[in-house]
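Just so it is clear, none of the values below were taken in a lab; they were calculated from the coordinates. In this text the structure is predicted, and so the values were computed from the model without any measurement. Cβ coordinates were reconstructed from backbone atoms using ideal geometry, including for glycine residues, and neighbour counts include every protein chain displayed.
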Amino acid sequence: MVKLYCAVVGVGSVFPVDIDISETVGDLKDKIKEKKPGLTYFDADLLKLYLAREGDTWLNSLDADIEAVKAKKFSDRIKNLMQEHLLLDATWSLNNDAYFGDNLERVDGDIHVLVECPDEPDQVIKYKRKCVILLHNYC
């Protein structure tokens with residue numbers, strides 16, 4: 001079991017999530033939703049997760065960029081870490097070497113994951129409509 005610190009960008013929240021390192025990014029999304037029940041208007045699979053790391057260095061809770069996240073602002077550094085090609089794949093294990101590996105050593109102040117919530121309620125509604133239509137067609 002590891003403790004990953006997550007920062008919800010645009011919400012201004014930093015919090016820990018306890019998870020087994022062999023679980024997947026999809027499992028982490030579910031745990032984030034469990035931990036933050038206020039994120040209710042969308043399903044966990046719509047969360048976008050990014051590593052809060054530049055090279056081998058994790059962002060730190062005292063960094064000005066994390067302070068900006070807490071103030072619900074996006075710095076250029078945070079935007080650079082949240083590019084589409086850096087999006088964590090829901091099917092990959094957290095212990096994949098490209099993510100956390102098997103031997104994550106947590107240091108006080110480390111932030112591990114940047115969390116982006118869907119900010120377009122219309123997008124969420126369209127997604128849910130598609131699911132209802134698909135379910136209706138199968139019933």
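Suppose only helical runs count, i.e. DSSP H with n ≥ 4. What mean residue ellipticity at 222 nm does that imply for the chain under -39500 (n - 2.57) per run, divided by all residues and rounded to the nearest 500 deg cm²/dmol? Before the final figure, lay out the partial values.
Details: 4 runs with 42 residues, N = 139.
So the helix-based figure for the chain works out to -9000 deg cm²/dmol.
For Glu54 and Glu34, a Förster radius of 35 Å and the Cβ-Cβ distance give a FRET efficiency of 0.75, rounded to the nearest 0.05.
The phi-based Karplus calculation (6.51 cos²θ - 1.76 cosθ + 1.60; θ = phi - 60°) puts the 3J(HN,Hα) values of the range 2-7 at 10, 10, 9, 9, 10, 10 Hz, whole numbers, x for Gly and Pro. In the range 2-138, the alpha-carbon atoms span a convex hull of 118 Å³ per residue.
Relative to the Cα centre, the charge distribution of the chain, modelled as +1 at Lys and Arg Cβ and -1 at Asp and Glu Cβ, gives a dipole magnitude of about 720 debye.
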